[in-house]
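Colleague: What follows is a structure written as C-alpha cells; I'll ask about it next.
The values are calculated or read from the model by the stated rules, or taken from the named source; none is laboratory data. Keep in mind the model is a prediction, meaning the values are calculated, not measured. Backbone-built Cβ (ideal geometry, glycine too); neighbour counts: all protein chains shown. Surface areas here come from the heavy atoms of the whole protein model, side chains and all, with no ligands, DNA or RNA. Shrake-Rupley method; radii C 1.70, N 1.55, O 1.52, S 1.80 Å.
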Amino acid sequence: MEGINLNQIGVSFKGSGSYVPNQILTNQEISKKVETSDEWIKSRTGISQRRISGLSENVSEMGYKAALGAIEMARWDIETIDLIILATSTPNDLFGSAPEIQSKLGAINAVAFDLTAACSGFLFATITATQFLKAGSYKRAVVIGSDQLSSYIDWNDRRSCILFGDGAGAIAIEVTNELDNLIGFSMRTDGQRGSFLNLPSQNNQDLIIDDINFSSGGFSSIKMNGQEVYKFAVREVPLIIENLFKKTNFNSENINWLLLHQANQRILDSVGDRLNVSSEKILSNLSNYGNTSAATIPLMLDEAIRNKKIKENDIIATSGFGAGLSWGAALIRWG
Ligand code: UT7
C-alpha cells in the first residue's frame, strides 16, 4: 500500500492505559461558583462533568497509573522499557516529572523526560518516541499524557473554567520490522498566535543584594481567547488531516476512527463535517471528562480499546491542537 515504507523499521502499538481522579465536578456545581448553567455549558461545549485531582494526586501519580495500565496490556517486563516520555504542561516538578514515574514503575533501564506542547503534547510525544524507535535507538517506549489543569484555572472566569479537567492516559509502543503502524504524521506550531491560549509565568521582582535584581518564579492562570482558538481549530485541523490523507493515500472512508483532542463537541462535529467523516466514527468522551489537555487523546483511545470499539488493525486518524499555538495529526493502525 502506498504511504507505507516496508523497507524501514516500523512501530506497533501494544497497549493503552488511563486514569482519572475520583472527584467529579458537575456543570450544576460549577454554576454555584460562576454565572453559568448546565444548559449553556452542554450546548456550547458538550461537557457535563469533569474530574478534579484530590490533594494527594498529581501529574506523576496519575501518569504512573495510566502507564501501568498500558504496560500490563502490552505484557511487558518493566525492565525492558527503554524510553518514557511524559507529555504535560502541569508537571509537579518543574525540573521534570517523568523520572518520578520511571521510579514508581521501577523502569530502571529507561530514560525518562518531559515534553511540553499543551494539548498537542501527547501527539508530539508519540511522534518523538516513534522516531527513536524507527532510528533503531530504542525498542520499547511508553508515552504518557497527564495534566492537572485544575491547579491553573481561574475558577472565577466562566469563559474558561467550564472547559477543563484532570486525567492521564498512556500507550506502549514497540519497534517492529513488520508493517509500520505509524502510517504518517504532521506537526505544526505558530508562536505568533500564542497569546490566544497560554499560561504565562508571573514573576515578582526582588533584589538579591543591592543592584542585583531577580524575578521569583511562578505562574498565573490559563488565559484564553475562546473564539480565536475555536476558529483556529476548525480551520487548521481539517487541513492538516486532509494533507495527511493525501500524503498517505487514505481518505475519510477508509479510516475506522477520527480521534481528535477532546476540546469541544462543536469542534469535533465541525471537523468531522469538513472531512466528511460520519458521526459514528468520531470518538468522544468529552461529556464525562472535559478537556484534560495532553491526556484527552490517550484517555479516549484507552476507553475505546477497553470497550472493544477500536480493534486490532483499525485505522485511526488522530489530531491534537491547542496552545502554542500547536497542532498535529497522525494516521495510525492500532496494534
Ligand atoms: O485545547 C484547546 C482549549 N480551548 C478551546 O478548545 C476553546 C475553544 N473555544 C470554545 O470552545 C468556545 O469559544 C467557548 C466554549 C469557550 C465559548 O463559546 P462561544 O460560543 O465561543 O461563546 P462566546 O465566547 O462567543 O460568548 C458568547 C456569550 C458571551 O456573552 P455576550 O457577550 O454575548 O453577552 C459570553 O459572555 O456567552 C457568554 N459566556 C457564558 N455564558 C454562560 C461565556 N462563557 C459563559 C458561560 N456561561 N460559561
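Colleague: With a probe of 1.4 Å, find how much accessible area segment 10-180 has per residue, and write the answer as a whole number in Å². Mind dumping the intermediate values first?
Modeller: Details: 7030 Å² over 171 residues.
Each residue of segment 10-180 exposes 41 Å² on average to a 1.4 Å probe.
Colleague: Cα-based Rg (one decimal) and Dmax (whole number) for the chain, in Å?
Modeller: Over the chain's Cα set, Rg and Dmax evaluate to 19.6, 69 Å.
Colleague: Please sort by residue number the GluC sites (Glu not before Pro) in segment 215-293 whose DSSP state is loop and whose Cβ has at most 11 other Cβ atoms within 10 Å.
Modeller: Loop-located and lightly packed - E253.
Colleague: Another question about this same structure. Could you tell me the calculated FRET efficiency between K231 and R306, based on Cβ-Cβ distance and R0 = 22 angstrom, to the nearest 0.05? Before the final figure, lay out each step's value.
Modeller: Values: r = 34 Å, r/R0 = 1.57.
Result of the calculation: an efficiency of 0.05.
Colleague: Same structure again: Leaving out ligands, DNA and RNA, what percent of the accessible area of the chain is carbon and sulfur, probe 1.4 Å?
Modeller: Summing carbon and sulfur atoms, their accessible area is 46 percent of the total for the chain.
Colleague: Taking H as built 1.01 Å from N, whose amide H comes closer than 5 Å to the amide H of A112, not counting residues under 5 places away?
Modeller: Answer set, sorted by chain and number: I84.
Colleague: Let me ask another. Each residue of segment 321-331 in turn: what ³J(HN,Hα) in whole Hz from Karplus with 6.51, -1.76, 1.60 and θ = phi - 60°, glycine and Pro shown as x?
Modeller: 3J(HN,Hα) across segment 321-331, in whole Hz: 7, x, 4, x, 5, 9, 7, x, 8, 9, 10.
Colleague: Give the long-range amide H neighbours of I183: residues separated by 5 or more places, or on another chain, with amide H under 5 Å away, using H modelled in the peptide plane at 1.01 Å from N.
Modeller: Long-range HN contacts for I183: L331, I332, R333.
Colleague: Among 211-218, 90-97, how do they line up by average Cβ neighbours within 10 Å per residue, starting with the highest? Let's see the in-between values first.
Modeller: Working: 211-218: 9.0, 90-97: 16.5.
Output ranking for 211-218, 90-97: 90-97, 211-218.
Colleague: Per residue of segment 45-54, what does 6.51 cos²θ - 1.76 cosθ + 1.60 with θ = phi - 60° give for ³J(HN,Hα)? Whole Hz please, x for Gly and Pro, Karplus curve as stated.
Modeller: Whole-Hz 3J(HN,Hα) from phi for segment 45-54: 10, x, 8, 10, 7, 9, 9, 10, 4, x.
Colleague: Further question: Could you check the spin-label model distance between F219 and I9? Points 7 Å from the Cα along Cα→Cβ, value in nm.
Modeller: About 3.4 nm, to one decimal.
Colleague: Output ³J(HN,Hα) for segment 220-237: one whole-Hz value per residue in order, computed from phi by the Karplus curve 6.51 cos²θ - 1.76 cosθ + 1.60 with θ = phi - 60°, and x for Gly and Pro.
Modeller: Once θ is set to phi - 60°, the couplings for segment 220-237 become 8, 10, 4, 10, 9, 9, x, 5, 5, 5, 4, 4, 4, 5, 6, 8, 6, 5 Hz.
Colleague: Next question. Using a Cα-Cα cut-off of under 22 Å, which lysines could be cross-linked to K134, ignoring same-chain neighbours fewer than 8 residues away?
Modeller: Once the sequence-local lysines are set aside, what remains near K134 is K14, K247.
Colleague: Taking the chain as a Gaussian network, Cα atoms linked when under 10 Å apart, which of D77, D314, D147 shows the biggest mean-square fluctuation?
Modeller: Among D77, D314, D147, the largest mean-square fluctuation in the Gaussian network model of the chain belongs to D77.
Colleague: Another question, if that's okay. What is the spin-label model distance, in nm, from N285 to E178 if the labels are put 7 Å beyond Cα along the C-beta direction?
Modeller: In this crude spin-label approximation the distance works out to 2.7 nm.
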